[in-house]
Amino acid sequence: MSAFGWKLHGDGKTLKPGDVVAPDERLSWGKTAGLGAQHVVAMFGATFVFPLIMGLNPQLAIMMSGVATIAFLLIVQGKVPSYLGTSAAFVGGVAAVISQGGTPQQVTGSILVAGVVLTLTGVLIHFIGAATLTKILPPVVTGAVVMLIGFNLAPVVANTYWPQDQWIALATMIVTILLATVLPGFWGRVSVLLGLIFGYVASWLADVVTGPITAFNAGTGEIDTHNRVDWSGVLDAPWIGLPPATDNAAGVVGWHLPDIQLTFVLLMLPAVVALVAENVGHVKAVAEMTGHDLDPYMGRAVAADGIGTMIATSVGGSPTTTYAENIGVMASTRVYSTAAYYVAALVALVFGLSPKFGALVSAVPGGVLGGITVVLYGMIGLLGAKIWVENRVDFSRPINLVPVAAGIIIAIGDTSLEMGNFSLAGIALGTIVTILAYHLVALLMPASMKDDDRIGTATFADVPGGQNLENLGLADDYGLYGHRILGRTSDGHLIVEEKTQTHSTDPDRRDG
């Protein structure tokens, strides 16, 4: 299909039970706009929270996510509907760069190079296939890298965010945990956003009731007395305009040209491993839902994410990745039209043209971020365990247990290896140890001890139909129309619960 050649699905207004809107189809523009807005809401929370945590401009991140999404859709020729929001995989690397005195320019410069590597990896996947890549990065290794990226961030919470307001941090953490586990479907997915709003309001009320707080101030790096919420920047910011230019001296972060430093680049490269696993898993999820074999486009999708990251960081924006939240919207509505994603991208561009919005987000109190990051950083780490579970990694085998154990502890402890003026530490050193030690053991292990079944391959190279939406965390109610995924029929079709009835996506089968 051409980039914008959508066919109208039916009359464009009504969806019969079991109807599926393909990527090259669309509903009426009114309904498409509604679905696009829903995709914006689904991606919104994480896309502006993570730039905030990484010290980048959330207004610019939202804007560039729209640009990156359009680039992604064009590169995959509309075959893989997806939204590119801010990636969490780089949070650990960014924290390491900042702790070593790195500037925002050096942060985005190192991420840009990681985007180049991700792009080249996508090209490699396109030509060698995902199955070959699995041999290089088996799930036991991929899961370990994802885990050490998340758990390496624990000191950032303990030393930077939590001390700014421990009670607001505690309250925000508890509310976020409850919202994420008690609220159904879509609302549970935006629990971080809701928790942030709660913490924001609670901080403002604390200022009104108890007055300023005497605590660590991340802005000055000292303990002083200050209001938790400072809206002076919000009041001064215009409603319409581009994000500000970065001014390191004034502490303003906005658009800027990247500055590439090799030492910092090495801190970002481990995130590429996590992004490959994330992107390929998401492509498999879309293939599962649409029933199309998307393996020929897997390399394109990974490369397109790399290009999206390069585009965004070239002007000071945040790294990107495909979003499970938006894939979840499709799982529920069964509308896979790329037209809705173009609408979502355009809405993001409009949000990015409001400096007041950016200033409002940037004014989130540090204590609130403390409560949020406790949950987020832990979840990033445990996603590694999720990869192990889904691929049935056997930790009774020393080859899976010992190299991974060493790499994770090195990363969590931020252990360093000094070589003259050059240093490897934390995430970078932990990733190198995990990958090299695993393959060294595999090479030297006696043939009698080798077992080809020791590593699962579902993360990268499972055949179409082999994924499970429940395991992927996508079988929830995200739907504009109130759908919820219940399971599958024996021939692989989704069974979906309507507000008033249950039916399958198989047009020849009707239940309830």
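The values are calculated or read from the model by the stated rules, or taken from the named source; none is laboratory data. Because the structure is predicted, anything quoted here is derived from the model rather than measured. Here the Cβ positions follow ideal geometry from the backbone for every residue, glycine too, while neighbour counts run over all protein chains shown. Heavy atoms of the whole protein, side chains included, go into the accessibility calculation; ligands, DNA and RNA do not. Shrake-Rupley method; radii C 1.70, N 1.55, O 1.52, S 1.80 Å.
State whether one or more residues within the range 235-254 are more than 23 Å from Met330 (Cβ to Cβ), within 29 Å of the chain's Cα centre (by Cα) and of a type in the set (Asp, Glu).
Scanning the range 235-254 turns up at least one residue that is more than 23 Å from Met330 (Cβ to Cβ), within 29 Å of the chain's Cα centre (by Cα) and of a type in the set (Asp, Glu).
Working only within the range 124-177, note down all residues that are open to solvent by 40 Å² or more (accessible area, probe 1.4 Å) and not in a helix (DSSP H, G or I).
Residues satisfying the conditions do not exist here.
Just a yes or no: is a residue in the range 58-66 among the polar types (S, T, N, Q) and buried (at least 22 other Cβ atoms within 10 Å of the Cβ)?
Looking for residues that are among the polar types (S, T, N, Q) and buried (at least 22 other Cβ atoms within 10 Å of the Cβ), one finds at least one in the range 58-66, hence yes.
Just need a number here: residues in the range 203-221 that are among the aliphatic types (A, V, I, L, M) and either in contact with a helix residue (DSSP H, G or I) (Cβ under 6 Å, 6 or more places away or on another chain) or modelled with pLDDT under 85 (or both).
Residues flagged as among the aliphatic types (A, V, I, L, M) and either in contact with a helix residue (DSSP H, G or I) (Cβ under 6 Å, 6 or more places away or on another chain) or modelled with pLDDT under 85 (or both) within the range 203-221 amount to 3.
Mind listing whichever residues of the range 342-353 are assigned to a loop (DSSP other than H, G, I, E, B) and within 11 Å of Pro58 (Cβ to Cβ)?
Gly352
So, restricting to helices (runs of 4 or more DSSP H) that lie completely within the range 254-318, which ones have at least 1 residues that are open to solvent by 50 Å² or more (accessible area, probe 1.4 Å) and among the acidic types (Asp, Glu)?
Fully inside the range 254-318 and qualifying: 270-290.
Just to be sure I understand, how many residues within the range 394-414 are over 26 Å from the mean Cα position of the chain (by Cα) and assigned to a loop (DSSP other than H, G, I, E, B)?
Of the residues in that region, 4 qualify.
Residues of the range 67-87 being in contact with a Leu (Cβ under 7 Å, 6 or more places away or on another chain) and buried (at least 22 other Cβ atoms within 10 Å of the Cβ), which ones?
Across the range 67-87, the qualifying residues are Ala68, Thr69, Phe72, Val80, Ser87.
State whether the residues of the range 360-372 include one that is open to solvent by 20 Å² or more (accessible area, probe 1.4 Å) and within 16 Å of Leu193 (Cβ to Cβ).
Yes, the range 360-372 contains a residue that is open to solvent by 20 Å² or more (accessible area, probe 1.4 Å) and within 16 Å of Leu193 (Cβ to Cβ).
Can you give me the number of residues within the range 105-144 that are modelled with pLDDT under 80 and within 17 Å of the chain's Cα centre (by Cα)?
Number of matching residues: 1.
Being open to solvent by 70 Å² or more (accessible area, probe 1.4 Å), in a helix (DSSP H, G or I) and farther than 16 Å from Leu148 by Cβ is the filter here, so list the residues in the range 375-393 that pass it.
Val389
From the list Val20, Val97, which one is buried (at least 20 other Cβ atoms within 10 Å of the Cβ) and touching a residue at least 24 places away in the same chain (Cβ under 8 Å)?
Unique residue meeting the criteria: Val97.
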